[in-house]
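Only one structure is covered here, and it is reproduced in the block below.
The values are calculated or read from the model by the stated rules, or taken from the named source; none is laboratory data. Worth saying up front: this structure is predicted, and the values here are computed from it rather than measured. Here the Cβ positions follow ideal geometry from the backbone for every residue, glycine too, while neighbour counts run over all protein chains shown.
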Amino acid sequence: MRRHLVVLLAVAPLLLAGCSLWPAAAADAPTWHVLDARPAVAAPARGEWVLGVSVPSAAPGVDSAAMVYVQTEHAVDHYATHRWVDTPARMLAPLLTRTLEDTGSFRAVVPVATAARVDLRLDTELVRLRQNFLARPSRVEITLRAQLVDVAARKALATRYVEVTQHASSDDAPGGVAAANAAVARALAQVAAFCVDASADFRPRAP
């Protein structure tokens, strides 16, 4: 019996230590968030051009799955336990394609990576996506650079910067995610309108 007691006393601290680790590990597990906004867009008469959509590039600072926020000028921070499921730029690619399809202004809208022949190409860069705490309530800021390219002529038809600011409902990560999706919806609608307008007078170069 004394031998069993000695073994129990030796094992008990290990069991207690193991129990104390589980809650900490669970608390440190990240919460994953998505960008899945779908704006309402006008649907004019269907056009005759095929539009290719490139996967957006990303400026330094927004090229990872980290959720960015700022509390002081010229400095960025990341939420420790909240992350995007993918880089925001890659999440924007299908959203851009779907939004441009919804306009009905193109014969087809396809990812550039497909083998389909395209007349026009939309190139975008995510310049900024962050939650700004320099003012309260905090706000999410997104900047997209959009360029519509004549593929055959290999020249840019038009370029536009789209900048959207959306106030957050709460000064935390969930509030930032909701504001980011609202801001993305507004930005997508503006990019779609830009593409429709810029392509209105497009005439492909004769072969």
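One table, with the values for the structure above:
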read-out	value
Tally, over the range 111-167, of residues that are farther than 18 Å from A59 by Cα, in contact (Cβ under 8 Å) with a residue 60 or more places away in the chain and in a strand (DSSP E or B)	2
Members of the range 138-159 that are within 16 Å of V50 (Cβ to Cβ) and acidic (D, E)	D150
Residue match in the range 121-131 (condition: of a type in the set (S, T, Y) and under 16 Å from A146 (Cβ atoms))	yes
Single match in V76, V149 (criterion: among the β-branched types (V, I, T), at pLDDT below 95 and either surrounded by 17 or more Cβ atoms within 10 Å (Cβ to Cβ) or under 27 Å from P174 (Cα atoms) (or both))	V76
Pair list, Cβ under 6 Å, 6 or more apart: the range 47-63 residue touching a residue at least 12 places away in the same chain (Cβ under 8 Å), other residue hydroxyl-bearing (S, T, Y)	G47/S105; V53/T97; P56/T124
Tally, over the range 79-91, of residues that are among the hydroxyl-bearing types (S, T, Y) and either at pLDDT below 95 or part of a strand (DSSP E or B) (or both)	2
Hits in the range 10-62 - residues which are part of a loop (DSSP other than H, G, I, E, B), surrounded by 10 or more Cβ atoms within 10 Å (Cβ to Cβ) and modelled with pLDDT under 70	A43, P44
Residue, surrounded by the fewest Cβ atoms within 10 Å (Cβ to Cβ), within the range 96-110, restricted to residues that are within 17 Å of V149 (Cα to Cα) and either among the hydroxyl-bearing types (S, T, Y) or in contact (Cβ under 8 Å) with a residue 60 or more places away in the chain (or both)	R107
Lone unmet requirement of (1) at pLDDT 95 or above; (2) surrounded by 19 or more Cβ atoms within 10 Å (Cβ to Cβ); (3) more than 15 Å from the chain's Cα centre (by Cα); (4) of a type in the set (A, V, I, L, M, F, W, C) for V162	(3)
Neighbours by Cβ (under 9 Å, 6+ apart or cross-chain): first from the range 27-45, among the basic types (K, R); second modelled with pLDDT of 75 or more	R38/L95; R38/R98; R38/T99; R38/D102; R38/A185; R38/L188
Number of the exception - D172 against (1) in contact (Cβ under 8 Å) with a residue 24 or more places away in the chain; (2) over 16 Å from P56 (Cβ atoms)	(1)
Test: residue in the range 179-196 that is out of contact with any helix residue (DSSP H, G or I) (no Cβ under 6 Å at 6 or more places or on another chain) and without any contact (Cβ under 8 Å) to a residue 24 or more places away in the chain	no
Selected residue [on the phi < 0 side of the Ramachandran plot and in contact with a Pro (Cβ under 8 Å, 6 or more places away or on another chain)] from A183, A158, A189	A189
